[in-house]
Each structure stands twice: as C-alpha cells, then as structure tokens.
1. Would you check which residues across the stretch A:52-71 are open to solvent by less than 80 Å² (accessible area, probe 1.4 Å) and closer than 16 Å to B:A8 by Cα and list them?
2. On the given criteria, is B:V49 at the interface with chain A (Cβ under 9 Å from one of its Cβ atoms), assigned to a helix (DSSP H, G or I), open to solvent by 60 Å² or more (accessible area, probe 1.4 Å) and at pLDDT 90 or above?
3. Determine which single condition A:V85 fails, assuming it passes every other condition in (1) in contact with a Gly (Cβ under 9 Å, 6 or more places away or on another chain); (2) β-branched (V, I, T); (3) at pLDDT below 90; (4) surrounded by 17 or more Cβ atoms within 10 Å (Cβ to Cβ).
4. Can you tell me which residues in the stretch B:27-41 are free of Cβ contacts under 8 Å to residues at least 60 places away in the same chain and open to solvent by 80 Å² or more (accessible area, probe 1.4 Å)?
5. For the stretch B:54-100, enumerate the residues that are open to solvent by less than 40 Å² (accessible area, probe 1.4 Å), more than 10 Å from every other protein chain (Cβ to nearest Cβ) and among the hydrophobic types (A, V, I, L, M, F, W, C).
6. In this structure, does A:L34 turn out to be part of a helix (DSSP H, G or I), more than 8 Å from chain B (Cβ to nearest Cβ) and over 16 Å from B:R84 (Cα atoms)?
Amino acid sequence: MLHILAQSLAQTGTEAGEFLDGLKAIGAGLGYGLAAVGPGVGIGIVVGNAISAMARQPESAGMVRTTMFLGIAFTEALALIGFVVFILLLP
Amino acid sequence: MGERAGGAYERAVAVAMARRSLVVGPVAVGIGAAVWGWAGVWSVGLAVVLVVANFAVGAGIIAWGARYSPTVLAAAVLVGYLARLGVITAVVLPVRTSGWFETVPFASALILFHLGLLVWEARHIVKSLGLPALRQGHEVRSSRGSVWNKS
C-alpha cells in the first residue's frame, strides 16, 4: 500500500522525491532497530545462561566465558547484517 | 583456556582472532583492490578494522565486567553491545557518502570477515574443549621435539 502511495506521490512533483527519501530513511531506521532487538534478546539469553552455569560450576568459568564470548559474537552477526541493510537502504 | 593469566579468556580469543585477521585481512583487501580498485581497498580495510576492533572492545568489556560480579558482567555486555553498535554506526555514517567508500565491498567484507573469523576461531575452540591438549598456549611436542598443535 505504501508502495502505491509512494508511486502516486512520485508522479506529483519534486516534493514527492523528498517524501520518498523520508520514507526510505524511516524504513532503514525501523529495519536497523528491529534487527538490533533480536540480538539484544539473544545476548541476554546467552549471558544469563552463562552466569547460571558459572554459579553452578565456578571451576568451569573459563570454558563458559570463552563459549559465551563466541555465542555473543555469533549473535551480533545478526545485528551487523541489520546494519548493512540499513546503510544499503539509506537514501 | 583455564590457565590463562588473570582469567582474561575473552582477550585470548580476541588476540587469536586478531592474529588470524593479519593472515586473512590482506587477502580480503587484495580482493577488494582487484574488483573495486582503491575504493575497494579503503572500504574492505575499514570493514576489517571495524570487525577486529569490535571483537577486541567486546572482549575487553567482558573481561572488565567479569572482574567485579555477574551483575556487572551482564550489564557491561548489554551496554557494551549497544555502545559498539552506536560506534560502528557513527563511524560509517559520515564516510558513507565519501568518494572512496563503496557500499558493496564494505558490506560483504563486514559480514563475511566477522563470520569467517568467528567460525575459524570456534573450530579451534571446539577442538580444544574436546581435546584439552589442543588448547592455545598448551604445547604438545612430538617425539622429535616439534610442536604439533601450534595455532
């Protein structure tokens, strides 16, 4: 529906171009924001479980922290993909 | 990884990744140069620097938080995540419209380099968790005296 609205506005003049750029910027910002939410939740789960594991078995803290760091980094890859989409979408 | 001095396990992983990036980084920059010219060199180089710096800062934040308490660790990781995303955005947004910046090589290098380094390091760590003798810094010598688990 937004696409149809944007198309009809694009035919009405130069102000519509700015409107389209604005829509693109809003879409890019929304996409990046939504892409950052998922990894944020994921990192919370990873860290929460790692802390639980360290509390149960303090002697394995080194192994848990190493694995936790990798888990966080893998989860962050999703946010980076969101960031890439963000800079691709920006007008 | 249990014998690391000061318990900075993440730093050891980040340093290992940085060492690996010294091998792979020039190759990635070379590919960028071959396909996109100087713009490819700068764009891929920026992506490589961002990925390595992101790992290093992330490791530093976790190591710092773990020194105090689990609560500080959790807070540091989550605040650090947001701060690092903010810094990456703040670095890339001003240069995005520069003449030397190409989006495609930058974006490809950012994602592929991040995932590639992680998978490479994860493979090593998975092996060392299953076979502790493969642990980084733990040398295993053959009967002839050569180090066979050198990373």
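1. Listed by number, the residues that qualify are A:M54, A:S60, A:A61, A:G62, A:V64, A:R65, A:T66, A:T67, A:M68, A:F69, A:L70.
2. On the way: at the interface with chain A (Cβ under 9 Å from one of its Cβ atoms): no; assigned to a helix (DSSP H, G or I): yes; open to solvent by 60 Å² or more (accessible area, probe 1.4 Å): yes; at pLDDT 90 or above: yes.
In short, no.
3. Only one criterion in (1) in contact with a Gly (Cβ under 9 Å, 6 or more places away or on another chain); (2) β-branched (V, I, T); (3) at pLDDT below 90; (4) surrounded by 17 or more Cβ atoms within 10 Å (Cβ to Cβ) is unmet by A:V85, namely (4).
4. B:V27, B:I31, B:A34
5. B:V95
6. Details: part of a helix (DSSP H, G or I): yes; more than 8 Å from chain B (Cβ to nearest Cβ): yes; over 16 Å from B:R84 (Cα atoms): yes.
Against the criterion (part of a helix (DSSP H, G or I), more than 8 Å from chain B (Cβ to nearest Cβ) and over 16 Å from B:R84 (Cα atoms)), A:L34 qualifies.
The values are calculated or read from the model by the stated rules, or taken from the named source; none is laboratory data. As the structure is a computational prediction, the values presented were derived from the model and not from experiment. Don't worry about glycine lacking a Cβ; one is built from the backbone with ideal geometry, like all the others, and counts go over all protein chains shown. For accessibility, only protein heavy atoms count, side chains too; no ligands or nucleic acids. Shrake-Rupley method; radii C 1.70, N 1.55, O 1.52, S 1.80 Å.
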